[in-house]
1. Is at least one residue of the range 51-69 of a type in the set (Val, Ile, Thr), surrounded by fewer than 16 Cβ atoms within 10 Å (Cβ to Cβ) and over 18 Å from Glu38 (Cα atoms)?
2. For the range 95-136, give me every one of the strands (runs of 3 or more DSSP E) that falls completely inside it and has 2 or more residues that are in the same structural domain as Gly81 (by TED's automatic domain parsing) and exposed (fewer than 13 other Cβ atoms within 10 Å of the Cβ).
3. How many of the residues making up the range 94-125 are more than 17 Å from Asp75 (Cα to Cα) and in contact with a helix residue (DSSP H, G or I) (Cβ under 9 Å, 6 or more places away or on another chain)?
4. Give the range 10-59 a look and list any residue that's at pLDDT 75 or above, assigned to a helix (DSSP H, G or I) and among the small types (Gly, Ala, Ser), or say none.
5. Applying the selection to the range 72-86, what residues are buried (at least 17 other Cβ atoms within 10 Å of the Cβ) and either part of a strand (DSSP E or B) or outside the structural domain of Val121 (by TED's automatic domain parsing) (or both)?
6. State whether the residues of the range 81-95 include one that is farther than 26 Å from Lys115 by Cα and either under 25 Å from the mean Cα position of the chain (by Cα) or at pLDDT below 95 (or both).
Amino acid sequence: MSRRKKGKGKLRKWHYLAILVVVVLLSSWFTYSWCSPEIKRVKVYLTVGEYMGINVNASALWYGTIPRGGIAKRDLIITNGDSWPRRVWIRAEGEIAEWLSVTDNGFLLQPDEGKKVGVVVKVPMDAELRNYTAEIEVILIRSPF
């Protein structure tokens with residue numbers, strides 16, 4: 001009789017272990033699918049020159065020609081087309097990342113909401129006269145609130 005009880009105890013332990021494994025796997029899958037960010041990349045182009053020139057193009061942030069010490073701003077419109085809120089983080093990468101700043105960052109977009117964010121470039125006085133590139137990363141993360 002005690003042997004039979006012992007066998008049932010082992011069986012119950014295996015059931016609990018199997019349930020625990022399933023719960024952990026489902027939790028991991030849910031967390032990954034809920035929290036995995038969506039990343040959009042926008043190219044940035046500018047030329048440092050002796051004059052100010054403007055380039056209008058919707059495929060990237062084209063600043064045209066900016067003189068040393070000059071400042072220019074372009075707007076980036078970010079929209080949330082999903083059915084849940086998204087937290088938005090913006091960062092710059094590339095050779096002129098330290099020249100770039102944004103007017104808003106870390107904000108929350110509700111479903112079907114859009115926001116205009118300014119991307120400002122400040123060219124240092126010691127910049128070489130040449131073409132420069134960078135990339136803006138817009139990171140959208142699902143937010144429960």
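1. Filtering the range 51-69 down to residues of a type in the set (Val, Ile, Thr) leaves 54, 56, 65-66.
Now restrict to residues that are surrounded by fewer than 16 Cβ atoms within 10 Å (Cβ to Cβ): 54, 56.
Filter once more, so that each one left must be over 18 Å from Glu38 (Cα atoms): 54, 56.
Yes.
2. Working: elements: 100-102, 107-109, 114-122.
In the range 95-136, the matching strands (runs of 3 or more DSSP E) lie at 114-122.
3. 2
4. Within the range 10-59, Ala18 is the sole residue that qualifies.
5. The answer is Ala72, Arg74, Leu76, Ile78, Arg86.
6. yes
The values are calculated or read from the model by the stated rules, or taken from the named source; none is laboratory data. All values reported here derive from a predicted model rather than from experimental measurement. Here the Cβ is made from the backbone with ideal geometry for all residues, glycine too, and neighbour counts use every protein chain on show.
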